[in-house]
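What follows is a set of notes on a single structure, which appears directly below.
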Amino acid sequence: MTKHDPLSPVRLTLGPVLFNWRPEKLRDFYFRMADEADVDSVCVGEVVCSKRTPFFAPFVAEVVDRLHAAGKEVVLSSLALIMTEREAAQARELAQMDGVLVEANDVSVASMMAGRPFVAGPLLNIYNEGTLAYLRDLGAVRACLPAELPGPVIGTLAKTGGVEIEVQCFGRLPLAISARCYHARSRNLAKDGCQYVCAEDPDGMDVDTLDDEAFLAVNGTQTMSYHYLGLLAELGALRGLGVNRFRLWPHNVDMVAVAGLLRSVADGLVEPEDAALRLSELCPKAEFANGYFHGREGHRLIEADA
Amino acid sequence: MIRPELICPAGTPAALKSAVDSGADCVYVGFRDETNARNFPGLNFSRKELEEGIAYAHARGAKVLVAINTFPRAGHPQLWQAAVDDSARLGADAVILADIGLIDYAARTHPELRLHLSVQAAASNPQAIAFYAERFGVKRVVLPRVLTVPEIAAINRAVAPVETEVFVFGGLCVMAEGRCALSSYATGQSPNMNGVCSPASHVRYVESGRGITSQLAGFTINQFGLNEPAGYPTLCKGRFNAAGKTSYLFEEPTSLNTLAMLPDLINAGVAAFKIEGRQRGRAYVAAVVQAFRQSVDAVMAGRPLPDINLDSITEGGRQTTGAYEKAWR
Amino acid sequence: MMEGPNRAGQSKPMIPPFSPVLLLGLALRPVRPALLQPVFDHLLKVVRSRHPDILERLEVYGERSVCIDPIDLPFALILEPDPTNPRLTVRRFVDSDEVHATIRGPLETLIALAEGRMDGDALFFSRQLVVEGDTEVVVALRNAIDGAGIDLVADLTAALGPLAQPARRAAGAVMDLVSSLRGSVETVRQSFIAPALQGAASRDARLAELEAEVKALRKATRRGGVA
């Protein structure tokens, strides 16, 4: 296996929960992550739909405290699509918080953070070194890159310097965001009267083609991949490119075990092939893909070189 | 009341002439490469064609805007920077950009060049718009097709004197523009990086028992019966199975048409009306530009809106006012 | 049903036209395609000299051939857009396997498309045109031709010198006739093809049943845990 610079230990980030989980379930999930998960950073906050925000708001403080107490870095993630004054006010409030790192998923939030350290989130369009350098100079200390970037682009961005690069490596990929709610639409409801039907699908709603081929997933106003991203064999190559921080998107599976597995592979302690089998056991309903990293269609699963 | 400019599409020199002759205030075009979001086969302008097009438009009092609205490839910004340089050199009236790094380059290298923010940057709130206006001197922002008319009016009050431009007709993105990777997930070709959504190279029409099946990269996007109007297999306008039923989950094959709500958009303080369709033929350009020219002129003169039917050139023969009305969401 | 080139099992535009062009097609049936070839050689030569930008726009698609199939005429054309040696060949039969793509529609529609008088997307949306095979080259061809501002009648007559004006008038008269006769012929067309469509409907129903069965089986296999 590839040898890595021992001075650059692997860091794992648990991304924000993108789905609409019941507030108590979400709180208990974070408590368990604080107590048991081998991750360095944990993102908290509603990214997809501002209608969901009020339900978890009462729990945020105790979740942040518990994560801090467990020695985790806490990152508060912003909404991805900010359209109304109410959403903008929510973002301003977020940008003024002390003691936590803010993850900007909309340019407006990055703009509010100007001059202070922040994380450039995976829903910002960072495709090249010019944009990355501009955001770094604005205050970005870390950038989680968009899902569709191929390996060589990740490598180029990792050489920019002065900003830590984070790469998504597990979970359904956030592919698009809209003003329209497809979960509500699938039930013939309008977004205004959505009855929070997105809560019925804790890992998103499967979307098949007319041939019943699994294709996409819907999470309220967000469209995701049907396949789960599973970068295992690629972790060595990514570390070779200078990437040492990896993001896991939370799913309704044993995320403590998933995080442990990812770290073992990134540290070179478990062979990727063995890890792939174990990951399939941990996520029995998931099909995995890694095409984007290899410059291919995102849904493809490219086998590791023999 | 601001008199909105009519911003019209041209994929070829013939379409540019057609747009100018039909009453366009501005024509927007792209170079024949991946620097713009309509990088379609056989489409777009060479440097020479742009130069001639600008001469034709300027001689008739119209402006030419150049869309350079994809995101430069890491390690290879030269193609995009050259597109900005050449647009400035050839006398384009503005460039339409989306990438922060490229906007920064344009603002530093060509301080006299007028900058518009592309819809692909999806600046959907006053703070995002202020970011581009204050830091780079962007003069106009094309708003993403996710906002209602009252939201647009509120943005205009907050961002003036920065101008806003909205889409009034044509193909409708249902996702926030520039923030959608559905096409690259299916085809490997990214709208943001390669300038193509649902690229023709990955499209197949296949005969089935009851009509035509349209496929994108092997995924069935739709099926049409013998007498059903067909559509191009744009991913978000397909029929899918979800929640136990078959439906147009994201959007029907439909075209945005705001002719009837032009007075509302003018009252909302919008500075420019944009017609989508650089990939459409010059017959489309002429028909739509004429319809909107007449309608805008009528509203500004206090006359009633003319009754113009554009059914024959809309996708699936269906029309929508899209996100401009809240019920769409 | 009356058909031109080999179209068995191929998809057709939504309205199978029974138009005056079709009558012209019937009249042309006994004519060997080879006799028509010089007309198309000439057409290509004229278009090439008057609109050099068409082939320039098609440069990267030079090796992809396209069948242009006017369904109301008893022959079809194969366009090979090689920028150095383009060819437009007229043939009685064209097999879809021989070409990279096929565009199929009534002659009137194809001419309107070539001249940019009708919008290609609109024609396709309304099923007046059918596209098969390599969609990319068809889109490129459409864009290139639309961008050139072709006027086929003008292009053809331009090369005729002093005969141009009478030829232009004659061509215009034919197209006018075609348009004016369309309405009355439509009635005849309906009575001809209605019975055929009914037979097709029952076959399609059976096919639909079979498709549903295959789909169910496929779904069962996939969901059955084959990860």
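The values are calculated or read from the model by the stated rules, or taken from the named source; none is laboratory data. All values reported here derive from a predicted model rather than from experimental measurement. FYI the Cβ positions are ideal-geometry reconstructions off the backbone, even for glycines, and counts take in every protein chain you see. Note: accessible area is taken over every heavy atom of the protein model, side chains too, but ligands, DNA and RNA are not part of it. Shrake-Rupley method; radii C 1.70, N 1.55, O 1.52, S 1.80 Å.
Things worth noting here:
- Cα-based convex hull, segment B:155-274, per residue volume (Å³, whole number): 149
- Inter-chain neighbour count for B:118-131: the average number of beta-carbon atoms from partner chains within 10 Å of each residue's beta-carbon is 5.
- Each Cα pair under 8 Å and six or more residues apart adds its sequence gap; the mean of these over the residue count of chain B is a relative contact order of 21 percent.
- Principal semi-axes in Å for segment B:1-87 [√(5λ), Cα gyration tensor, largest first]: 24, 14, 12
- Residue-averaged beta-carbon neighbours from other chains (10 angstrom radius) around B:242-251: 6
- Chain B: most fluctuating residue of B:THR164, B:THR254, B:THR109 per GNM, C-alpha cutoff 10 Å: B:THR109
- Relative contact order, whole percent, for segment B:144-231 stands at 16, derived from Cα pairs under 8 Å and 6 or more residues apart.
- Short to long, the 20 Å bins of the Cα pair-distance histogram for chain A hold 34, 61, 5 percent of all pairs.
- With contacts taken as Cα pairs under 8 Å and at least 6 residues apart, chain A reaches a relative contact order of 20 percent.
- Equivalent-ellipsoid semi-axes for segment A:1-108 (Cα gyration tensor, √(5λ), whole Å, largest first): 26, 17, 13.
- Counting only DSSP beta bridges whose two residues both lie in chain B, roughly 40 percent are antiparallel.
- Note on B:HIS116: accessible area approximately 10 square angstrom, rounded to 10, probe 1.4 Å, nucleic acids and ligands left out.
- Beta bridges per DSSP with both ends in the protein assembly as shown, % antiparallel, nearest 5: 45
- Placing +1 on the Cβ of every Lys and Arg and -1 on the Cβ of every Asp and Glu, with nothing else charged, gives chain A a dipole about its Cα centre of roughly 760 debye.
- Selection among A:ILE302, B:ALA67, A:LEU67 by position relative to the dipole of the protein assembly as shown gives B:ALA67 as farthest towards the positive end (Cβ unit charges, Cα centre).
- Spacing of the two label points (7 Å from each Cα toward its C-beta) at A:GLU24 and C:VAL214, in nm: 5.0
- Label-to-label distance, nm, for residues given as A:ARG116 and B:HIS76 (7 Å Cα→Cβ offset): 4.0
- Mean per-residue shielding of peptide A:130-139 is 4, counting Cβ atoms of other chains within 10 Å of each Cβ.
- The alpha carbon convex hull volume per residue for chain B rounds to 137 Å³.
- Overall, the ratio between the Cα radius of gyration of the protein assembly as shown and 2.2 N^0.38 Å, rounded to two decimals, is 0.99.
- Probe 1.4 Å - accessible area at A:ASP201, Å² to nearest ten: 30
- Area accessible to solvent at B:LYS63, 1.4 Å probe radius, in Å²: 80
- Protein-only accessible surface order, largest first, of A:LYS191, B:LYS274 at 1.4 Å: A:LYS191, B:LYS274
- Hull volume per residue, based on the alpha-carbon atoms of segment A:187-266 and their convex hull, is 136 Å³.
- Spacing of the two label points (7 Å from each Cα toward its C-beta) at B:ARG89 and B:THR246, in nm: 5.5
- Placing +1 on the Cβ of every Lys and Arg and -1 on the Cβ of every Asp and Glu, with no other charges, gives the protein assembly as shown a dipole of roughly 1440 debye about its Cα centre.
- Surface listing: B:MET175, A:MET97, B:MET193, B:MET1 arranged by accessible area from highest to lowest gives B:MET1, A:MET97, B:MET193, B:MET175, probe 1.4 Å.
- When A:HIS227, A:HIS68 are compared by accessible surface with a 1.4 Å probe, the order from highest to lowest is A:HIS68, A:HIS227.
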